[in-house]
Amino acid sequence: MAHLMNLVLNVWRQKGPKDQGRFVRYEAKAISDHMSFLEMLDVVNEELAHKGEEPIAFDHDCREGICGMCGFMINGVAHGPARSTTVCQLHMRMFKDGDEITIEPWRAAAFPVIRDLIVNRSAFDRVIQAGGYISVRAGAAPEANSVPVPKPNSDLAFEAAACIGCGACVASCPNASAALFTSAKISHLALLPQGHPERTDRVRKMVAQMDAEGFGHCSSHKECEAACPKDINISFIAKMNRELLTAMTVAPNDVKSRQKG
Amino acid sequence: MELDARAPTGPIEQRWNEARFKSKLVNPANRRKYKVIVVGSGLAGGAAAATLGELGYNVSCFCYQDSPRRAHSIAAQGGINAAKNYQNDGDSVYRLFYDTVKGGDFRARESNVYRLAELSVNIIDQCVAQGVPFAREYSGLLGNRSFGGAQVARTFYARGQTGQQLLLGAYQSLSKQIEAGTVKMHPRTEMLDLIVIDGVARGIVTRDLVSGKIVAHTADVVVLCSGGYGNVFYLSTNAKGCNTTATWRSHRRGAFFANPCFTQIHPTCIPQSGDYQSKLTLMSESLRNDGRVWVPKNVADLAKDPKSIPEADRDYYLERLYPSFGNLVPRDIASRRAKDMCDQGKGVGPEVAGVRRGVYLDFSEAVKRLGRDTVAERYDNLFQMYERITGENPYEVPMRMYPAIHYTMGGLWVDYNLQSTITGLFVGGEANFSDHGANRLGASALMQGLADGYFVLPVTVANYLAGVKPGAPDDSHPDVKRTVLEVEARIKQLCAIGGKRTPDSFHRELGTLMWDYCGMARTAEGLKFALGKIPELREQFYSDLSIVGSGEELNQMLEKAGRVADFFELAELTCLDALAREESAGGHFREEHQTEDGEAKRNDEAFSYVAAWEFTGETNAPKLNKEPLTFEYVHPSQRSYK
């Protein structure tokens, strides 16, 4: 049977990037413990709309923990108190009647607030654009089984590739570092033979882009790993660093970078 | 209007090759002069944009999410079919073709399906080369599993996240082209209308979801890969943002909408827990391999702890009704039987709106037979997901399941080249109607999206462009300006209603109506009732809608309102199509048309056609155009799973 609870929410409201922003207190009444956290916000938003107040803006889409669109801080913890769980999969049974909950957006210079709990994460896209791919034209691929990949490498590559790009790692890092995100893609592709030809250029370019976006450095606080809804392991950051050191000992592959010297 | 499918003739194995050879080409030096618009960044759209970019066209790609990496293809769990025959178990391109035509209950075009099966092998090559980490065996070679509707193991997978890995592969290729400057990405941008000049698609009108700005984008060709319309039912396994606006607005501009009543229900989803429910979560069908489906025999037991109900008082109804297939009957049958049980008042779980809608999926026998470790090895991630959502542990308490809308086979009508009835408007992926007939087999959606995106559209769009002079119309063209003004007026209209009800409350009501009368089982009477109700509700929508805030800013209520407005119109067409199709086929079950055993009964004499609906104006009834289907290779037969 469903249990109902009353909660107090302190929600960050901010009209736009230039607005000062502030916490606003809302009461959430008769919330069922079977609701997801976002369904609880839906209920609050319906009530706000009925009163003619602007609903709280938040990003979400699949609501099954895989698209990576949702995410904000709940009582200072990215995606809230449940481990390995995005906020859309967090259910209200994690809370109890009378709880006071603080909700605020990811905070990082590289993720400017767009409105309320919505931030701009396009920096992540630019990090991938800098080299987070294998260059293969459609139609140019060899027969799939022509290159065997040892199962342990393939499995580990999958673990890295499971990243959903939500940004919780950046939000929970005291330095707002994107090392976990970036290293996951670098590791995924470096672990596969298909990724080897571009390996050294890839790590150089992606790390340079990560720095250019204003993300901080990794100083091994490990907060990212604890907050990651997909359990991406921080050993990938070590792998990224090794990849980078190796890359620095060889000349760039692409002629343009070589000429720049 | 005569519908020309432009399907090639001749031996089916040679048709795609023949079509490719006959396709015109664009000189590499001229490609950048052609502007291509791709709407959507899922498997079909992402792959098409990346590939057309690689070829050197000047591509713009649009998505409503904050990044192309988030399109709903990402949520596909199971896998992707390909006729590689790596298992040496007798698979072939022809067999995949055969299974897909049969699985679609003989309502798909043979030429298209054969091409899909043929391209399936190239897709796997492409994805592996991109670094998609498919499951492998200890040899280092690719692994396969079997999936519903097939007796061979041809499904490639990446744990329960195949869609995610394939989409990230396409996203990475797209990212490379964005960096190279051949693709311009427009995230957080929603297409609200199609620009048609002299009967030819020449661009789209979009709304910037952050600034609210309405902008016209003109081009030489428009490619829609904007997904399905499952959210017309409000509760579905689709992402919250999935909508029909791009396809519906194109329909209103002249693109025929085909077979909207072919919608697919997935039998194993977590049941609704309350009226606040915002979406339904699918649990992989593989659970039925070891779980046993049952409901209590006695109404008095419905609310009891299931473990306390003795074996003799349980009705394992699938095993009773289908002794040879048991719990493994196809999706549509498993779904309908679950509905029957609940309609008879034998459902379990919480009452929502006065009815218990759930059946047990019980693993206690599997745990006894195989041991908890083996069950965990097979299903632990699913069990964890179930527990996260319901708070119940499936090792201890039987799961509760209920069917939910999952995929829509219908969509914009396209010919063999994936061109709609509007010249210059191409449609790929779930947004078109083409390959799955009345029912889609598991692990075939990913295959179709990528086949369209990587291999079909790049050929057929080039063929189209080779026949037109490059040069997108100017923004000052009267038809461009008129379309922008119409979009702006529509937004103003929605914002100005000033009523009391939110877009969500209308969407919920529409969804319930659709699910009750145009869901798993349909009757003429019910459909007529819905067809009376929908216009009433729509009228209320236009008189009592409330939107807080304006159109000139980020406004999620406004986004929803625009989508719901289009769902209303699509809902009506879907009911009309379901009413007109006096037969049962695949996902479309009309209670009047069933065999003595309660199975779907097709009427091949009268309904072996694609129903392509034509928009004829705001107040006029849509016109039905028929594309007859002929079967030269796979001859229609009745399914039986007894």
Per-residue average of Cβ from other chains inside 10 Å of A:193-199: 1
If the convex hull is drawn through the Cα atoms of the stretch B:332-424, its volume per residue in Å³: 203
Distance between the stretch B:494-567 and the stretch A:37-94 - C-alpha centres, whole angstrom: 24
In Å, descending, principal axis extents of the Cα set of the protein assembly as shown: 79, 69, 64
Average silhouette area of chain B, convex hull of alpha-carbon atoms, in square nanometres: 27.8
Equivalent-ellipsoid semi-axes of the stretch B:478-600, from the Cα gyration tensor, Å, largest first: 35, 16, 11
³J(HN,Hα), Karplus 6.51/-1.76/1.60, whole Hz, each residue of the stretch B:420-435, x for Gly, Pro: 7, 6, 9, 4, x, 10, 9, 9, x, x, 5, 5, 9, 9, 6, 9
Percentage of interatomic Cα-Cα distances in the stretch B:266-405 larger than 23 Å: 28
Under 5 Å, built H, 5+ apart or other chain: amide partners of B:THR423: B:ALA201
Label point distance in nm, B:GLU18-B:LEU624, each placed 7 Å from Cα along Cα→Cβ: 3.2
25 Å tail of the calculated P(r), the stretch A:121-260, as % of Cα pairs: 26
Candidate lysines - alpha carbon under 29 Å from B:LYS22, same-chain residues fewer than 8 apart omitted: B:LYS33, B:LYS35, B:LYS84, B:LYS469, B:LYS626
Calculated from backbone phi, Karplus (6.51, -1.76, 1.60) coupling profile of the stretch B:608-618 in Hz, x at Gly/Pro: 7, 8, 8, 8, 10, 8, 10, 6, 10, x, 3
Over 29 Å between alpha carbons, listed pairs A:LYS151/A:LYS185; B:LYS346/B:LYS601; A:LYS51/B:LYS481; A:LYS230/B:LYS307; A:LYS15/B:LYS560; A:LYS51/B:LYS339: A:LYS51/B:LYS481; A:LYS230/B:LYS307; A:LYS51/B:LYS339
Chain A, Rg to Rh (Cα coordinates; Rh as Kirkwood inverse mean 1/r): 1.05
Most to least packed among B:366-379, A:93-106, B:119-132 [average Cβ atoms within 10 Å]: B:119-132, A:93-106, B:366-379
Average other protein chain Cβ within 10 Å of Cβ, residues B:120-128: 5
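If the stretch B:417-515 were replaced by its equivalent ellipsoid, with semi-axes equal to the square roots of 5 times the Cα gyration tensor eigenvalues, what would those be, largest first, whole Å? Provide the component values of the computation, followed by the final result.
Details: eigenvalues 216, 156, 16 Å².
Taking √(5λ) for each Cα gyration eigenvalue gives 33, 28, 9 Å.
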Peptide B:390-400 - average C-beta neighbours from other chains (10 Å radius): 1
Stokes-Einstein D for the stretch A:2-136, Kirkwood Rh over Cα pairs, 4 °C, 1.567 mPa s (µm²/s): 82
Under the Debye formula (equal points on every Cα, no solvent term), log10 I(q)/I(0) of the stretch B:35-144 at q = 0.10, 0.19 Å⁻¹: -0.39, -1.17
Whole-Å distance, taken between Cα centres, linking the stretch B:133-164 and the stretch B:1-76: 26
Most mobile of A:LEU245, A:LEU189, A:LEU90 in a GNM of chain A (Cα contacts under 10 Å): A:LEU245
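What's the ranking of B:415-428, B:82-95 by average number of surrounding C-beta atoms within 10 Å, highest first?
Packing order, densest peptide first, comes out as B:415-428, B:82-95.
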Environment charge of B:ASP604, counting only residues whose C-beta is closer than 11 Å and scoring Lys/Arg +1, Asp/Glu -1: 0
Inter-part distance where the stretch B:588-606 and the stretch B:402-433 are each reduced to a Cα centre, Å: 25
Lysines whose Cα lies under 18 Å from that of B:LYS528, excluding same-chain neighbours fewer than 8 positions away: B:LYS623
Efficiency of FRET from Cβ geometry, B:LYS304 and B:ASP340, R₀ 22 Å, rounded to 0.05: 0.55
Under 5 Å, built H, 5+ apart or other chain: amide partners of B:VAL36: B:ASN58, B:VAL59, B:SER60, B:ASP220
Residue of A:ALA226, A:ALA144, A:ALA161 that the Gaussian network model of chain A assigns the largest fluctuation, springs spanning Cα pairs under 10 Å: A:ALA144
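How much length, in nm to one decimal, is gained on full extension between B:PHE529 and B:ASP4, taken as 0.36 nm per residue of separation minus their Cα-Cα distance?
This chain segment gains 185.5 nm when fully extended.
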Helix A:179-190 axis, angle to chain A major axis (alpha carbon atoms, nearest 10°): 40
Separation of the B:ALA153 and A:LYS18 label points, Cα + 7 Å toward Cβ, nm: 6.2
Mean shadow area of the stretch A:126-189, taken as a quarter of the surface of its Cα convex hull (nm²): 5.5
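Where a number appears in this text, it was derived from the coordinates with a stated rule and is not lab data. This is a predicted model, so every value here is computed, not measured. Quick reminder, even Gly has a Cβ in these numbers, built from the backbone with ideal geometry, and neighbours come from all protein chains shown.
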